[in-house]
Every structure is written in C-alpha cells, then in structure tokens.
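A short worksheet on the structure shown next.
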Amino acid sequence: MEFTAKARFTRVSPQKARLVLDLIKGRRVEDALTTLTFTKKRIAPAIFQLLRSAVENANYLSQEKGMDVDLDRLYVKHAIANEGPRMKRIRPAPMGRAFRYQRRISHIIVTVAEKKSAATAAEATATSAKTAGKKAKKAPAKKAAAKKTASKKAAA
C-alpha cells in the first residue's frame with residue numbers, strides 16, 4: 001500500500017528540490033525526517049512537512065479505514081520534483097534595455113510505502129519462482145558470432 005502527499009506551486013527550482021529529495025529516497029521515514037532536520041537547504045523544511053503529511057495520511061487510513069499499516073516499517077518509495085509553470089520577470093539592464101529571466105516553480109510528490117517483512121518477501125519469491133517454472137520454457141541459446149582478432153604487426 002502506498003501513501004502520497006503533494007506540494008504544488010512551490011517557489012523553488014526543481015533542480016534544487018531534487019538535491020534534497022535524493023537524500024531521502026529509499027530511506028526509512030524516521031531516518032529521512034532526521035536527515036531533513038539537519039539539511040541546510042531552504043527547501044528542506046517544506047519537504048519535512050510534506051513527508052510528515054504522507055505519514056499522517058498512512059496513519060489516518062490505518063485508523064479510520066481499518067487498514068493494517070505498521071508506521072515503523074514505512075520508507076520513502078518515491079520522491080519527485082516536477083516542473084511547474086514559470087514566472088516570467090524583467091530585470092533592468094544598462095542603456096535602457098531589459099533582460100528577461102524566469103522564476104521556476106516545482107510540484108513535489110512524496111510517496112511512502114510499507115516495507116515487506118523478510119518472511120513475506122521469501123514467500124513472494126517462492127511463489128513467483130514456482131509460477132515462472134510452470135509457464136516458461138527456455139529457448140535454445142544462440143551461438144555467439146566469432147570475434148575478429150586484430151592482426152599484430154611484426155616488430156622489425
């Protein structure tokens with residue numbers, strides 16, 4: 001089961017947001033929150049709130065909807081920063097000219113999921129191995145083409 005939180009129209013470039021999101025991808029939620037607490041980027045507190053919101057979404061579904069979710073086994077499955085609309089601005093330049101520049105906006109999406117236990121993962125791999133053995137027969141291997149060797153020049 002996956003739980004998602006989105007922050008749209010965040011006033012930071014997607015490239016800067018991805019720097020922080022790459023720090024937390026694949027980590028346990030507890031470790032990710034600690035990492036975000038001590039990260040010195042300006043976007044880190046916003047991503048911290050977003051990650052907490054995703055965890056609270058999981059908590060809500062586990063309590064209200066009756067789903068069985070263990071909050072201690074949650075990890076950050078996806079952390080994405082997509083580009084939003086750009087704000088076009090003008091800066092005064094010498095000799096009465098004007099330079100255009102763009103302020104970038106990003107849409108940030110954080111998804112957390114419950115990590116499977118070792119017993120559950122072993123059962124899943126055993127089941128998939130049994131079904132794969134029944135369904136597929138291996139095709140005969142193709143012969144590899146003979147490789148050409150570079151001719152060596154005789155040393156004179």
Item to complete: Could you tell me whether the stretch 65-72 includes any residue that is touching a Phe, Trp or Tyr at 6+ places or on another chain (Cβ under 9 Å), touching a residue at least 24 places away in the same chain (Cβ under 8 Å) and farther than 19 Å from residue 115 by Cα?
Response: no
Discussion item. Among (1) over 30 Å from residue 25 (Cβ atoms); (2) touching a residue at least 40 places away in the same chain (Cβ under 8 Å), there is one condition residue 91 misses while meeting the rest; what is its number?
Written reply: (2)
Worksheet item: Considering the stretch 1-49 alone, what residues qualify as being without any contact (Cβ under 8 Å) to a residue 24 or more places away in the chain and basic (Lys, Arg)?
Response: 40
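Computed from the coordinates by the stated procedures, all read-outs in this text should not be read as laboratory data. Treat the numbers as computed from the prediction; the structure is a model and nothing was measured. Positions of Cβ are generated from backbone atoms using ideal geometry, with glycine treated the same way; all protein chains shown enter the neighbour counts.
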